[in-house]
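What follows is a single structure, written as structure tokens, with notes after it.
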Amino acid sequence: MNEVTQWLREAHGGSLVAGEHLLQTVYTELRTLASFHFNKERTDHSLQPTALVNEAYLRLVTDGKLQKFENRGHFFSAAAEAMRRILVDSARARQCLKRGGELRRIDLGDLMADDQCTDDLLLDLEAGLCQLKEVDADSAELIKLRLFAGLSVAEAGDVMGLSRTAAYRTWEFARSWFGVYLRE
């Protein structure tokens with residue numbers, strides 16, 4: 001059992017020292033993930049990577065105690081989900097104020113290479129993820145980990161307990177599904 005998993009268990013049990021060690025250890029990785037997201041965001045975004053990490057971490061705490069996480073992968077999956085929700089909520093809020101605008105769709109494979117992830121694109125991705133989750137929850141989870149946590153296909157598959165082959169097969173299905181979704 002690695003030290004992050006041990007600190008997760010102790011922090012869930014209420015240990016403040018373990019919680020501090022955990023935060024110090026994972027903060028850099030979470031900040032790197034947040035920076036990865038902001039490299040794709042528009043430059044005048046109201047959130048900053050540090051604020052995104054802090055907000056995501058707060059969402060993982062209930063009644064002053066860290067929620068229960070089985071291991072490091074489970075924790076980072078929950079952190080990626082929290083960051084995704086924060087960014088999507090922020091995009092929705094801006095979209096409501098904007099009330100329209102021209103939508104821009106791109107291929108899922110091109111999303112990682114895109115210089116700027118616009119609000120419209122983020123909302124399209126969120127809508128697609130919700131629909132894909134109904135069709136194939138594993139594919140939606142793999143995309144979430146790949147795009148929002150910055151994991152490679154193999155790393156995301158490992159977090160999900162998939163073999164490398166199954167992870168790539170799931171990724172290819174998800175890309176194909178999004179290709180059809182975006183054309184519609």
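The values are calculated or read from the model by the stated rules, or taken from the named source; none is laboratory data. Bear in mind the structure is a predicted one, so any value in this text is a computation, not a measurement. For neighbour counting, all protein chains shown are included, and Cβ atoms are generated from backbone atoms with ideal geometry for every residue, glycine included.
Residues are listed down the side, and each one gets a yes or a no for (1) crowded, with 18+ Cβ neighbours inside 10 Å; (2) out of contact with any Lys or Arg (no Cβ under 9 Å at 6 or more places or on another chain); (3) modelled with pLDDT under 80; (4) not assigned by TED's automatic domain parsing to the domain that holds residue 80:
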{"position": "23", "(1), (2), (3), (4)": "no, yes, yes, no"}
{"position": "28", "(1), (2), (3), (4)": "no, yes, no, no"}
{"position": "33", "(1), (2), (3), (4)": "yes, yes, yes, no"}
{"position": "43", "(1), (2), (3), (4)": "no, yes, yes, no"}
{"position": "46", "(1), (2), (3), (4)": "no, no, yes, no"}
{"position": "53", "(1), (2), (3), (4)": "yes, no, no, no"}
{"position": "56", "(1), (2), (3), (4)": "yes, no, no, no"}
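Within region 141-148, identify whether any single residue is assigned to a loop (DSSP other than H, G, I, E, B) and assigned by TED's automatic domain parsing to the domain that holds residue 121, and answer yes or no. Steps first, please.
Narrowing region 141-148 to residues assigned to a loop (DSSP other than H, G, I, E, B): none.
There is no residue in region 141-148 that is assigned to a loop (DSSP other than H, G, I, E, B) and assigned by TED's automatic domain parsing to the domain that holds residue 121.
This table checks each residue for (1) in a loop (DSSP other than H, G, I, E, B); (2) of a type outside the set (D, E, K, R); (3) surrounded by 20 or more Cβ atoms within 10 Å (Cβ to Cβ).
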position: 125; (1), (2), (3): no, yes, yes
position: 131; (1), (2), (3): no, yes, no
position: 158; (1), (2), (3): no, no, no
position: 174; (1), (2), (3): no, yes, yes
position: 182; (1), (2), (3): no, yes, no
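If I ask for residues that are free of Cβ contacts under 8 Å to residues at least 24 places away in the same chain and either in a helix (DSSP H, G or I) or among the polar types (S, T, N, Q) (or both), which ones from region 47-63 would you list?
48, 49, 50, 51, 54, 58, 62 - these are the residues of region 47-63 that are free of Cβ contacts under 8 Å to residues at least 24 places away in the same chain and either in a helix (DSSP H, G or I) or among the polar types (S, T, N, Q) (or both).
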